[in-house]
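Visitor: Pasting a structure here, questions to come.
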Amino acid sequence: MEEKSPQLDTNHPGGTGRAPGGSAELWALALPVIVATLSQTLMGLVDTFFMGRIGTAEQGAVGIAAVIFITISSLFIGTVHGVATFVAQHHGAEKYARCGRDGWMGLYFCIPAALVLGSISFLSQPIFTVIGLDHSTLPHATDYLFIRLAGVIFPMINFALVNFLRGIGDTRTPMWFTLGANVLNAFLNYALVLGNWGAPRLGATGAALATVIATAVFSLVYIGFFLSGERHRKYGTRSMSLPSKKDVVAFLKIGGPIGGIWTLEMASWSVFMAFVSHLGNAELAATNITFQVLHFSFMGAVSLATAATTLVGQYLGAEDPETAKKTARTTIRWGITYCVTVGSVFLLARHQIVAFFNADRAVVEIGGRLFVYAAVFQFFDGLGISSNGVIRGAGDTRWPMVLMVILAWGVFVPLTYTLTFALDWGIDGAWIAVVVFIAALGIGLYFRQRSGKWLGMRV
């Protein structure tokens, strides 16, 4: 008989020892994810903070380079998130050996993905040249993007194993590992960006190196934990057999659309940032700061959605759709509450927050306006993120991808251009387009969840 995991040894798949489908169960899984994701957000905030001490042009360069990096890598990093859906459903069905194979599927996928992305690193300067980046930001953005793409194998590994752990219901371990990585990143930023402790003053290059080194160290930590005796005894994690063609097809069928959603959305945000970069360095820096800070509301909702993906997947794997529906209602209620609450706090302190990252008077004034727009879409952001997390647990990933194609490229990008340049509304027009896009996406994902079609889906 297979030994039971201490964290999941309960009489229902959620494994938290709390009422199935309720708030306590959701938060028991979500809180460590929130800590981990907000800590991960701090990595971007730390870069933003230290680059603000270098200069406004450098701060804007790292901001747009980070967005381009996420855009380029989204297809592959998003796809690897499909590991959580497979692991959760197999865990709920008590097919524990399959969970280990799912984890290895994610790791094997990282190898060709990293080779492709690493080769793109040599196109860093042409990418920003095509965008038309200002000459004052071009070299900094190029250096940052090149280094991040060259080291992309490390975050790929981390995401694969984080999703394995979350699929089995272990959200605490990734929390501690992420906190450790971000502490290390902060120290490395202090040394390499500003030139402290005898290190050279590398600016944007130092920020990229700090991130790559920190993620590389913790890739080794994740792999060691995945292969440890406890994980191997239950999940067979040391069995490194290559996946079958059927397994690969099934994985890409679920994970591919997740990567597609990420890519399509991030590509649209990259176009948005490119538009903003033509408005001036102050507008670009203010937008970067606003996005970085709003991760605290966005990533909180993503954390709740991540917990919902695990719980819904496990309950559907155990053939308990009623509890999966209850989890969905709980997740959406809390996702909206979280986003609106955190967004309100940011709205009230918006000028002080912007000034903390950049004291430039123009940046503070513009950033204060941008936070007002951001506060408007918090309700819809919480609604959409939560709904998407629920249906992802069932493997419903293709319909959201189609919705993203329509809204990101049929509405968001053209509307941004029209309001920003054709109507000459500048940065305000750009952010009005953001509000329209997020509101439409949130409503669409909510009604997909309400349809209930995901209740009959399985991987």
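The values are calculated or read from the model by the stated rules, or taken from the named source; none is laboratory data. Bear in mind that the values here come from a model prediction, so they are computed numbers and not experimental data. Positions of Cβ are backbone-derived with ideal geometry, glycine not excepted, and every protein chain shown enters the neighbour counts.
Visitor: Out of curiosity, is TYR338 of a type in the set (Phe, Trp, Tyr), touching a Pro at 6+ places or on another chain (Cβ under 6 Å) and in a helix (DSSP H, G or I)?
Guide: no
Visitor: Scanning for something under 16 Å from GLU94 (Cβ atoms), of a type outside the set (D, E, K, R), modelled with pLDDT under 80 and not in a loop (DSSP other than H, G, I, E, B), does the range 9-28 turn up at least one residue?
Guide: No: the range 9-28 contains no residue that is under 16 Å from GLU94 (Cβ atoms), of a type outside the set (D, E, K, R), modelled with pLDDT under 80 and not in a loop (DSSP other than H, G, I, E, B).
Visitor: Of the conditions (1) touching a Lys or Arg at 6+ places or on another chain (Cβ under 6 Å); (2) surrounded by fewer than 24 Cβ atoms within 10 Å (Cβ to Cβ); (3) of a type in the set (A, V, I, L, M), ALA84 clears all except one; give me its number.
Guide: (2) is the only condition that ALA84 fails.
Visitor: Could I ask something else about it? Return yes or no: is LEU284 in contact with a Gly (Cβ under 7 Å, 6 or more places away or on another chain), of a type in the set (A, V, I, L, M), more than 18 Å from GLY21 (Cα to Cα) and not in a helix (DSSP H, G or I)?
Guide: Spelling it out, it is not the case that LEU284 is in contact with a Gly (Cβ under 7 Å, 6 or more places away or on another chain), of a type in the set (A, V, I, L, M), more than 18 Å from GLY21 (Cα to Cα) and not in a helix (DSSP H, G or I).
Visitor: Do the conditions hold for ALA359, that is, is it modelled with pLDDT under 90 and surrounded by fewer than 19 Cβ atoms within 10 Å (Cβ to Cβ)?
Guide: Spelling it out, ALA359 is indeed modelled with pLDDT under 90 and surrounded by fewer than 19 Cβ atoms within 10 Å (Cβ to Cβ).
Visitor: Conditions first: (1) within 19 Å of the chain's Cα centre (by Cα); (2) among the aromatic types (Phe, Trp, Tyr); (3) closer than 30 Å to MET51 by Cβ. PHE122 passes all but one, so which condition is the exception?
Guide: (1)
Visitor: Among the residues of the range 293-347, write down those that are under 20 Å from ALA36 (Cα atoms), touching a residue at least 60 places away in the same chain (Cβ under 8 Å) and among the polar types (S, T, N, Q).
Guide: Across the range 293-347, the qualifying residues are SER297, SER303, THR306, THR309, THR310, THR331.
Visitor: Can you confirm whether the range 341-355 contains a residue that is part of a helix (DSSP H, G or I), farther than 30 Å from LEU316 by Cα and among the hydroxyl-bearing types (Ser, Thr, Tyr)?
Guide: yes
Visitor: Scan the range 87-99 and give yes if some residue there is at pLDDT 90 or above, closer than 25 Å to ARG458 by Cβ and of a type in the set (Val, Ile, Thr), otherwise no.
Guide: Checking the range 87-99: at least one residue is at pLDDT 90 or above, closer than 25 Å to ARG458 by Cβ and of a type in the set (Val, Ile, Thr).
Visitor: Identify, from the list VAL83, VAL130, the residue that is modelled with pLDDT under 90 and out of contact with any Leu (no Cβ under 8 Å at 6 or more places or on another chain).
Guide: VAL130
Visitor: Could you list, in sequence order, the residues of the range 353-401 that are under 30 Å from GLY82 (Cβ atoms) and among the polar types (S, T, N, Q)?
Guide: Within the range 353-401, GLN378, SER386, SER387, ASN388, THR397 qualify.
Visitor: Can you pull out the helices (runs of 4 or more DSSP H) entirely within the range 375-447 that have at least 3 residues that are surrounded by fewer than 21 Cβ atoms within 10 Å (Cβ to Cβ)?
Guide: Correct list: 398-407, 413-417.
Visitor: Which of the residues belonging to the range 338-356 are over 23 Å from the mean Cα position of the chain (by Cα) and at pLDDT 90 or above?
Guide: Hits for the range 338-356 are LEU348, ALA349, ARG350, HIS351, GLN352, ALA355.
Visitor: State which residue pairs qualify: first residue within 13 Å of ARG53 (Cβ to Cβ) and inside the range 188-209, second residue at pLDDT 85 or above and acidic (Asp, Glu) in any location, beta carbons under 7 Å apart, and separation of 6 or more residues or different chains.
Guide: Between residues of the range 188-209 that are within 13 Å of ARG53 (Cβ to Cβ) and residues that are at pLDDT 85 or above and acidic (Asp, Glu), the close pairs are ALA204/ASP143.
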